[in-house]
Amino acid sequence: MDLPVRETGKLFSSRVPPAACPRCGKVMDAATNLMDKTAPQGGDFSVCIYCAAVLRFTDDLDLRKATGDELAMLLDRQPEAFSLLIRVKVAARLCLRERAGRN
């Protein structure tokens, strides 16, 4: 699937087929790539912007929860990517906490 990629500053965002987060059920239809200028592909990791769940894109760009084994493998094989994923998860959780404090 050839998805359009849009540059915003140093971030690269792509529209993806709408998919619900398996943890919170919120639907997402975009993804931002922090590593390069490519649209997401099956197997790529993601973080839900609504609940901070660590997710993985399926081959048809649906979303599923990432497993502990997959995260351990990422840490072992791509420590920089794992570190970035965890920083994004922490940032998402902080935003969620801040947003909840405003309500």
Candidate set: region 8-64, residues that are in contact with a strand residue (DSSP E or B) (Cβ under 8 Å, 6 or more places away or on another chain) and acidic (Asp, Glu); chosen: the one farthest from Arg99 (Cα to Cα): Asp60
Qualifying positions in region 10-30 - free of Cβ contacts under 8 Å to residues at least 24 places away in the same chain, in a strand (DSSP E or B) and closer than 14 Å to Asp62 by Cα: Arg15, Pro18, Val27, Asp29, Ala30
Residues of region 48-93 classified as closer than 20 Å to Ala31 by Cβ, in a helix (DSSP H, G or I) and aliphatic (A, V, I, L, M), total: 10
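Values quoted throughout were computed directly from the atomic coordinates according to the rules given, and no laboratory measurement underlies them. If you're wondering where the values come from, they're calculated on a predicted model, not measured in any experiment. Note: ideal-geometry Cβ built from the backbone for every residue, glycine included; neighbour counts use all protein chains shown.
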